[in-house]
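The values are calculated or read from the model by the stated rules, or taken from the named source; none is laboratory data. Just so it is clear, the model here is predicted, and its values are computed rather than measured. Using ideal geometry, Cβ is built from the backbone for each residue, glycine included, and neighbour counts are taken over all protein chains shown.
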Amino acid sequence: MSELHGRRRYQVVHKTAYTYDLPVTTSYGRGCLRPRASTQQTLLEHLLTVEPAPRIVDETRDLFGNHTHYFEIHTDHERFEVVKDSTVEVEWPEVDLSALDEYTVADAARTLRADSTLDPVETALYTLPSRHVELSGPVRAFAEQAIPDRRPLGEAIEALYREIYSGFTYTKGATTVNSTLSEVLVTRAGVCQDFAHLAVACFRAMGLPARYVSGYIETTPPAGEQKLAGSDATHAWVSVLTPGAGWVDLDPTNNHLADSRYIVTAWGRDFRDVSPLRGVIFTEATKSTLSVAVDVVPLD
C-alpha cells in the first residue's frame, strides 16, 4: 500500500467569524459543519461552538446524507463566531484506474443506467445539471474533447484531471460565486471550486453521475518554513460513479486522485448544497468583516 493511502488521523479546527459595524438583532444560519462518516473516514470527535449562544440549535441530515446544523441567535451582537473542532481517522483505498479501462466512457454510462441496484433518484441528481453545474454548449464541447465516448474510462478520468490542471491557472479573485462555467472556460482561471464544478459538469455531460465534494486536504509549508496557524483552507474536489469501482474521487486542482490526506465534510450536486455556512441576519449594519482560519493537524 502506498504511504499516501495508509491510515492517518487528523484534528481539523475551522473558525469562521463575522464582525459588524452595528448590532445584529437576529441571526438565522445553516451549514455543513460536521465531517461525514464513510468507508474511508471515521469521525472520532466533534465539537461545535457558536458565539453568542444560540436560542435554538438543531442537527439533521439533508437529502445527500450530510450533517447540517441550524441555529437561531436572538441577542444583539456585533461579532458572530462558529468554531468546529473535529478529529477524524482517514484511510482511502488505492484505485486501479487501468482496471476501469475495460469500459469506455459510453459503456460505463450505459452500464450504470442499466444497474437496478442503484438508486435512480440519486443517480439522476448527480447526472442532471444544477445551479453551478451548467451543461451548456461550451461545457459539452470541452467534455467531448477531454473524455470522448470511446475513450477507456480509467484513462478518461486521469485525462480529465490532468487537462484541467494543465490548462487552467489557479488564480484567487478570477471568479466569483456567480461566475458560470462558460466564463471559466474563456478565462482559463479560477480556484478549486471552479475546477471541481467543471470536472463534475464534464462527467455529467457524458452521462456519468458525479458529485461535488467539500472538505480539507493536509498541506505542507515550503522547505525550511514553518506552517502558520490558521493557514489551511477548505478544499473541493470531484467524485464520479464507475461500474465495479464505485465512487472514485479525483482532484483536478492538484492533478491526482484523492488519498488519505483528504478529509470529507459533505457532498452534493454543487457548492450550493454543501456551503459551510449561510444564513440571514436582521441589522442596520452596512459593513461586515469576514475572517476564516483553518488548521488541519496530523496527529500520527
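For the residues Leu185, Leu208, Leu153, Leu198, the requirement of being crowded, with 16+ Cβ neighbours inside 10 Å, touching a Pro at 6+ places or on another chain (Cβ under 7 Å) and in contact (Cβ under 8 Å) with a residue 12 or more places away in the chain singles out Leu185. Tell me yes or no: at least one residue of region 64-85 is more than 30 Å from Ala285 (Cβ to Cβ) and of a type in the set (A, V, I, L, M, F, W, C). Yes - at least one qualifying residue is present in region 64-85. Pairs meeting the criteria (first residue in region 115-140 and closer than 12 Å to Phe203 by Cβ, second residue surrounded by 13 or more Cβ atoms within 10 Å (Cβ to Cβ) and polar (S, T, N, Q), beta carbons under 8 Å, at least 6 apart or on different chains) are Val139/Ser182. Against the test of being under 19 Å from the mean Cα position of the chain (by Cα) and among the hydroxyl-bearing types (Ser, Thr, Tyr), the options Ser98, Ser86 yield a single qualifying residue, Ser86. Looking across Arg272, Arg261, one residue alone is closer than 27 Å to Ser27 by Cβ and basic (Lys, Arg). It is Arg272. Kindly check whether there is at least one residue in region 33-45 that is among the small types (Gly, Ala, Ser) and surrounded by fewer than 19 Cβ atoms within 10 Å (Cβ to Cβ). Yes, region 33-45 contains at least one residue that is among the small types (Gly, Ala, Ser) and surrounded by fewer than 19 Cβ atoms within 10 Å (Cβ to Cβ). For beta carbons closer than 7 Å, sequence separation of 6+ or different chains, a first residue in region 42-53 that is within 28 Å of Gly6 (Cα to Cα) and without any contact (Cβ under 8 Å) to a residue 60 or more places away in the chain and a second that is outside any strand (DSSP E or B) and charged (D, E, K, R), the qualifying pairs are His46/Arg34.
Taking region 268-288 as the range and being closer than 30 Å to Ala199 by Cα and of a type in the set (Val, Ile, Thr) as the test, only Val274 passes. Residues in region 52-99 that are β-branched (Val, Ile, Thr), more than 30 Å from Gly246 (Cα to Cα) and surrounded by 19 or more Cβ atoms within 10 Å (Cβ to Cβ): 2 in all.
For the structure I just gave you, tell me whether Arg278 is under 19 Å from the mean Cα position of the chain (by Cα) and modelled with pLDDT under 95. Here the answer is yes, as Arg278 does meet what is asked.
The condition of being aromatic (Phe, Trp, Tyr), at pLDDT 95 or above and not in a strand (DSSP E or B) holds for only one of Phe64, Phe80, that being Phe64.
Glu3 falls short on exactly one of the conditions (1) more than 15 Å from Gly215 (Cα to Cα); (2) in contact (Cβ under 8 Å) with a residue 24 or more places away in the chain, and that condition is (2).
Of the numbered criteria (1) in the same structural domain as His74 (by TED's automatic domain parsing); (2) surrounded by 22 or more Cβ atoms within 10 Å (Cβ to Cβ), the one Thr289 fails is (2).
Any residue that is assigned to a helix (DSSP H, G or I), touching a helix residue (DSSP H, G or I) at 6+ places or on another chain (Cβ under 9 Å) and under 23 Å from Ala109 (Cα atoms) - is there at least one of those in region 186-196?
First pass over region 186-196, keeping only residues assigned to a helix (DSSP H, G or I): 186-187, 192-196.
Add one more test, that the residue is touching a helix residue (DSSP H, G or I) at 6+ places or on another chain (Cβ under 9 Å), and what stays is 186, 193-196.
So of that shortlist, the ones also under 23 Å from Ala109 (Cα atoms) come out as 195-196.
Yes, region 186-196 has at least one match.
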